[in-house]
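The values are calculated or read from the model by the stated rules, or taken from the named source; none is laboratory data. Not measured: the values here are computed from a predicted model. Neighbour counts are summed over all protein chains in view; Cβ atoms, including those assigned to glycine, are modelled from backbone coordinates with ideal geometry.
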Amino acid sequence: MNILIVGYGKMGHEVEKTALQRGHTIAGIIDINDSWDKINYGNIDAAIEFTQPDSALNNFDECFKRHIPLVTGTTGWYDALESVRQRVVNEKQSFLYSSNFSIGVYLMRKLNVYLAQIMNNHADYTPSITEIHHIHKKDAPSGTAITLAEDLLQNYKHLSSWAKDIQGNEKIMPVNSVRKGEQYGTHIVSYDSDCDIIEIKHTALSRKGLALGAVTAAEFLHGRQGFFTMDDLMKEQHK
């Protein structure tokens with residue numbers, strides 16, 4: 001495949017390395033302040049985008065105008081999720097997004113849902129979520145923490161919503177964000193009681209897992225049309 005990299009920061013470099021290792025070709029790179037006119041778009045099979053929330057929608061638009069299948073790992077734009085979904089459907093685009101492309105995080109999501117379901121009968125435990133990322137990450141909570149929170153709320157009847165860094169409201173689950181150092185990302189779902197604490201935790205040790213998931217997603221998207229998520233990718237891999 002010929003892959004366009006959109007965003008050439010640390011994740012973009014890792015995506016480039018992983019794509020080349022898997023036998024793909026880098027058809028072009030769009031970084032901040034680069035012109036989209038410099039790329040030969042007739043030779044691109046898919047784009048992989050890791051940028052910032054304030055530029056993501058414009059990057060989507062540039063790819064959609066050229067009908068380039070797009071994989072994005074950028075978070076912080078989800079207020080526009082439904083409008084993006086409608087555009088993909090109406091214009092017959094190819095689009096796959098995920099708040100986290102790590103296989104380990106995907107497995108944690110499954111554990112999170114299962115734990116929320118069985119904890120419905122144990123209301124003496126209070127759930128919360130904490131995410132820890134490097135100091136350069138702009139959105140908070142992380143997209144992964146939001147996904148974990150929404151999954152939990154859909155399966156746990158004792159809470160009505162979540163809120164960032166809230167305390168003392170028994171109907172609203174706190175989602176806490178910590179920014180320190182150069183951490184790749186840690187997510188913790190906790191259930192606290194007076195007697196003990198139950199936790200499920202995922203810690204990323206590098207960006208390799210994210211890059212591998214994104215490149216695998218581009219391979220999945222090749223030849224497909226529609227709006228996809230990590231669930232679609234994983235179902236395909238486990239057939």
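Structural remarks
- Region 100-117 residues that are assigned by TED's automatic domain parsing to the domain that holds D151, paired with ones that are modelled with pLDDT of 90 or more and of a type in the set (F, W, Y) (beta carbon under 7 Å, 6 or more apart): A116/Y156
- Taken over region 129-156, residues that are in a loop (DSSP other than H, G, I, E, B) and among the small types (G, A, S) amount to 2.
- Filtered by the rule that a residue be exposed (fewer than 14 other Cβ atoms within 10 Å of the Cβ) and either in contact (Cβ under 8 Å) with a residue 12 or more places away in the chain or closer than 20 Å to S94 by Cα (or both), region 195-220 gives K201, T203, L205, S206.
- D231 in contact (Cβ under 8 Å) with a residue 40 or more places away in the chain, acidic (D, E) and either at positive phi or surrounded by fewer than 19 Cβ atoms within 10 Å (Cβ to Cβ) (or both): no
- Cross-chain or 6+ apart pairs with Cβ under 8 Å, region 120-135 first and aromatic (F, W, Y), then surrounded by fewer than 18 Cβ atoms within 10 Å (Cβ to Cβ) and not in a strand (DSSP E or B): Y125/S193
- When G76 is tested against the conditions (1) at negative phi; (2) surrounded by fewer than 22 Cβ atoms within 10 Å (Cβ to Cβ), the lone failure is (1).
- Candidates S161, S177: the one that is loosely packed, with under 13 Cβ neighbours inside 10 Å, without any contact (Cβ under 8 Å) to a residue 60 or more places away in the chain and touching a helix residue (DSSP H, G or I) at 6+ places or on another chain (Cβ under 8 Å) is S161.
- Near pairs, Cβ below 7 angstrom, 6+ apart or cross-chain, from region 74-94 (over 23 Å from L210 (Cα atoms)) to any residue that is of a type in the set (K, R): Q93/R87
- The single residue among N112, N100 that is modelled with pLDDT under 95, under 22 Å from K164 (Cβ atoms) and not aromatic (F, W, Y) turns out to be N100.
- D124 falls short of the stated requirement of being more than 30 Å from I197 (Cα to Cα) and charged (D, E, K, R).
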